[in-house]
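> Below is the structure I would like to discuss, written out as structure tokens.
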């Protein structure tokens, strides 16, 4: 398996992986899968914000992707990111998600981010909860019955892990993290 930075040439595969997650599961609360143009726009926003966007390849084929984005856009959150990890159905339960999440955690720590939040779609997502727990995340809360999909109410578990020094020291003004939040702030409405 090869983990590498995503490129716009990966968008068609990323779009298919995400479409499957949207239409068959509760990892995403979207109801209709976005098209390639929208997925391109989303990738550009992540990359322009200075956040990592990774893909996992097996035998030259993209089988999963992960990225970090701003947890919230207010400046005080600038050292906190939210992770997203999606794996193609044929590659699930083969370590792809774990390899992506470990690489994403390392990339975010190297950029000076201090906390990573997992906002997990549906408390029945045992695989995602287990993946995050195995990668050092702790359960910190649960938002009950906040999403309606597939004719049922869905919870949103929240998990968190420290990156680098976490909250043990002041952030030190990481330029990368500050640049990321400034890019995100320009999208406020």
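Values quoted throughout were computed directly from the atomic coordinates according to the rules given, and no laboratory measurement underlies them. These numbers come from a predicted model, not from an experiment. Cβ sites come from the backbone with ideal geometry, for glycine too, and all protein chains shown count toward neighbours.
> Collect the residues in segment 1-24 that are in contact (Cβ under 8 Å) with a residue 40 or more places away in the chain, within 16 Å of the chain's Cα centre (by Cα) and within 18 Å of residue 122 (Cα to Cα), keeping them in residue-number order.
Result: 18, 21.
Residues are listed down the side, and each one gets a yes or a no for (1) over 12 Å from the mean Cα position of the chain (by Cα); (2) closer than 21 Å to residue 15 by Cα:
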site: 38; (1), (2): yes, yes
site: 69; (1), (2): no, yes
site: 72; (1), (2): yes, no
site: 83; (1), (2): no, yes
site: 101; (1), (2): no, yes
site: 107; (1), (2): yes, no
site: 132; (1), (2): no, no
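> Given the residues 151, 155, which is the only one that is in contact (Cβ under 8 Å) with a residue 24 or more places away in the chain and over 18 Å from residue 85 (Cβ atoms)? Quick ask: steps written out before the conclusion?
Details: 151 fails: in contact (Cβ under 8 Å) with a residue 24 or more places away in the chain.
Result: 155 is the single residue among 151, 155 that is in contact (Cβ under 8 Å) with a residue 24 or more places away in the chain and over 18 Å from residue 85 (Cβ atoms).
> OK, next. Quick check on segment 142-154. Is at least one of its residues under 13 Å from the mean Cα position of the chain (by Cα) and not in a loop (DSSP other than H, G, I, E, B)? Please lay out each step first, then the result.
Quick first cut of segment 142-154, residues under 13 Å from the mean Cα position of the chain (by Cα) only: none.
The answer is no, given that none of the residues of segment 142-154 is under 13 Å from the mean Cα position of the chain (by Cα) and not in a loop (DSSP other than H, G, I, E, B).
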